[in-house]
Amino acid sequence: MDTRSRVRLALALLLVAAPLWGPPLDVTGTDYVYRTAEIETDGGEIGLDQPGFWAGPTDQIACLSALATADQDTGCYLESRLRHGDVRVDYPGIEAFNGEPATPRPRYVVFGTHGAVYERTLTYDHADESFVYGLDRVDPETALDDVAADPEGAPSAVREALDTGEARRNEPLDRIDGGRIYSHEGEYVLVYEDRVSGLLTAKPLTERVFEVVAVLVGALLLFRVGRDTAGGS
């Protein structure tokens, strides 16, 4: 077989195998990359050093974000004043309240990615007939132990990210786009989502058509290479 025939054969095999190597290249659509960042506790505060993390796990710890809280959540911006004292709220129409008011969720708050951990408090002052909102500083280890999820029941992408530092998927995971805290090998680790756009917009039907065309062209080339080789021999 001459050099030209070898090149045609290699190209034919490459085209025929397009359904195998095409999807892994993933040049279309959006990749959902899940990365990790260790949460450190030092001096009674939380520290999260990760330049790529911009969101915040609002269902576990509120206001944990590298963005200005005013841009991310006005509640964080307003609530930051509670570090300096409680706030009383007169709720219209309620002159008496029995029982214990439900503390707003999430239970804990950290303003930014470095700082003290606070626990939200809410009580009812019967004398003043008002609700009292406040923040109590708590030990970061206690808060993290309370909110950290168990990776045992987490999606495979999360477990892969915890083991290797990164995982990549074609579809997003539920409830993790803002980040989620897990307890892993004696440490507290944040798993967060980073979206990476492909070179082209995702068009599954078009991709399948191209794969079929590639296989047909490859098969035709194989036929011609076989015919030419047989004829030459």
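What follows draws every value from the coordinates through simple rules; no lab data is involved. All values derive from a computational prediction rather than experimental measurement. All Cβ positions, even for glycine, are placed from backbone atoms using ideal geometry, and neighbour counts span all protein chains on display.
Summary of computed values
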{"item": "In nm, spacing of pseudo-spin labels at Thr41 and Thr229 (7 Å Cα→C-beta vector)", "result": "6.6 nm"}
{"item": "Chain lengthening between Thr121 and Arg4 when straightened (0.36 nm per residue, less Cα-Cα)", "result": "34.3 nm"}
{"item": "Arg88 versus Ala17: modelled label distance in nm, points set 7 Å from Cα along the beta carbon direction", "result": "7.7 nm"}
{"item": "Highest to lowest packing among 150-157, 33-40, scored as the average C-beta count within 10 Å", "result": "33-40, 150-157"}
{"item": "Rh by Kirkwood over Cα pairs, then Stokes-Einstein D for segment 33-174 at 1.002 mPa s and 20 °C, µm²/s", "result": "125 µm²/s"}
{"item": "Extension reserve of the Leu220-Asp146 stretch, reckoned as 0.36 nm per residue once the Cα distance is removed", "result": "20.3 nm"}
{"item": "Under Karplus coefficients 6.51, -1.76 and 1.60, residue-wise ³J(HN,Hα) of segment 103-116 in Hz, glycine/proline x", "result": "5, x, 9, x, 6, 10, 9, 10, 8, x, 9, 9, x, 6"}
{"item": "Under Karplus coefficients 6.51, -1.76 and 1.60, residue-wise ³J(HN,Hα) of segment 37-52 in Hz, glycine/proline x", "result": "8, 6, 9, 9, 10, 9, x, x, 10, 8, x, 10, 9, 8, x, x"}
